[in-house]
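Input: a single structure, listed below in structure tokens.
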Amino acid sequence: MNHKTTLAILFGGCSTEYEVSLQSAYSVISHLDQAKYEIHLIGITREGSWLYYEGDVDDIPTDHWASAACSPAFLSPNRPDHGLYLMRSGAMELIRLDAVFPVLHGKNGEDGTVQGLCELAGIPIVGCGMESSVLGMDKHLAHTLVNLDGIEVPKSVLFRRMPTQEEQFSMTEHMAYPLFVKPLKAGSSFGITRIENPCRLEEAITLAFGHDDCVLVEEAVPGFEVGCAVLGNENLIIGEVDEIELSQGFFDYTEKYTLKTSRIHMPARIDSETAGRIRETAGRIYRILSCKGFARVDMFLTPEGRIVFNEVNTIPGFTSHSRYPNMLKGIGMTFEEILDTLIRLAVEP
């Protein structure tokens, strides 16, 4: 009898990106081969409750999953358990796991918290571990480490508390507008504002502090944004480079998930030499930040051909039409092959 890999998939989450996670998780669950995997679904509500879900998978993307088909559940931090406890019919039941696949985005899921819990429990995790997840969410730390290795990053200043008006202007006077004001650790462009002059600086900083306790102010980089999908631990598979074409504003939450005024070109409209440099830089950044499993590395390409690091997404959007799988489809990998490879990378020694 063939042994199935026992896999817990985490979705939802106590995060502003809750809805995005539902869509990504549904796509992942729908494309996993039931003959290979014994799948256990753990939904995390907006309030942070962990629930073992046994209902219709089609109710996940519509957010109708949290129902009578749920039982309280939690990952056991006790290493010998190596699994998941659920409360059903008044009794505790242990389900041993081969791996946990967190299909979570943003805080309390992509930021190292869940990854740390899995590492404490001794359960392999699909994707990046705690260290690289923390670095991926902290844009300032990521930029600092990557820049130390000689890769260009945007000029920026970090505010750890709400600055006075005098501090706002004195600390940013060396920077050229337009500027981006963003929460340090928020995802999917929540709380980010592009400002064209100092008049909106205080308003933008105040908004960003509503999403995080630290705020980063960055110079806008001329040119356009490119992304690169990276897959692997020791040996890396790097997908096609894609390109974001903007007609106005910036690639905010609405644009990411509706593409109302923007387009994504895959492959990017660049020459092969430039694409090669971007792919090489993406691999370097992936290793600098100790990534494993998978991540999407986002950069800017300036009109002069300079590559400037933007950010790394350690759990990028994972629907069948998301940027990450599409970049790997560009080199011939199917969605199912991507998932199989990710899980194998997690469970194999």
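The values are calculated or read from the model by the stated rules, or taken from the named source; none is laboratory data. Just so you know, these numbers come straight off a predicted model, no measurement behind them. Counting neighbours? That spans all protein chains shown, and the Cβs are built from the backbone with ideal geometry, glycine included. The area values use the complete protein model at the heavy-atom level, side chains included, leaving out ligands, DNA and RNA. Shrake-Rupley method; radii C 1.70, N 1.55, O 1.52, S 1.80 Å.
Within segment 270-284, which residues are farther than 12 Å from ALA229 by Cα and in contact (Cβ under 8 Å) with a residue 40 or more places away in the chain?
To start, the set of residues in segment 270-284 that are farther than 12 Å from ALA229 by Cα comprises 270-277, 284.
The answer is ILE270, ARG284.
Taken together, GLU110, GLU93 contain a single residue that is among the charged types (D, E, K, R), outside any helix (DSSP H, G or I) and open to solvent by less than 30 Å² (accessible area, probe 1.4 Å), which is GLU110. Mind checking whether some residue in segment 211-222 is of a type in the set (Val, Ile, Thr), closer than 21 Å to GLY136 by Cβ and assigned to a strand (DSSP E or B)? Looking through segment 211-222, at least one residue is of a type in the set (Val, Ile, Thr), closer than 21 Å to GLY136 by Cβ and assigned to a strand (DSSP E or B). Of the listed requirements (1) in contact with a helix residue (DSSP H, G or I) (Cβ under 8 Å, 6 or more places away or on another chain); (2) of a type outside the set (Phe, Trp, Tyr); (3) in a helix (DSSP H, G or I), ILE278 misses just one: (1).
Being within 21 Å of the chain's Cα centre (by Cα), surrounded by fewer than 19 Cβ atoms within 10 Å (Cβ to Cβ) and among the β-branched types (Val, Ile, Thr) is true for just one of THR144, THR164, THR206. Which residue is that?
Answer to the selection: THR144.
Within segment 4-26, being within 14 Å of ASP58 (Cβ to Cβ) and open to solvent by 10 Å² or more (accessible area, probe 1.4 Å) holds for GLN23, TYR26. Looking at LEU86, LEU51, which one is touching a Ser or Thr at 6+ places or on another chain (Cβ under 8 Å), open to solvent by less than 10 Å² (accessible area, probe 1.4 Å) and over 26 Å from THR341 (Cβ atoms)? LEU86 is the lone residue from the list that is touching a Ser or Thr at 6+ places or on another chain (Cβ under 8 Å), open to solvent by less than 10 Å² (accessible area, probe 1.4 Å) and over 26 Å from THR341 (Cβ atoms). Taken over segment 300-324, the criterion of being among the basic types (Lys, Arg) and in a helix (DSSP H, G or I) is satisfied by ARG323 alone.
Of everything in segment 122-141 that is open to solvent by 30 Å² or more (accessible area, probe 1.4 Å) and in contact (Cβ under 8 Å) with a residue 24 or more places away in the chain, the residue that is farthest from the chain's Cα centre (by Cα) is PRO124. Remark: ARG296 matches the filter, which requires a residue to be assigned to a strand (DSSP E or B), open to solvent by 10 Å² or more (accessible area, probe 1.4 Å) and either modelled with pLDDT of 95 or more or under 17 Å from GLU245 (Cα atoms) (or both).
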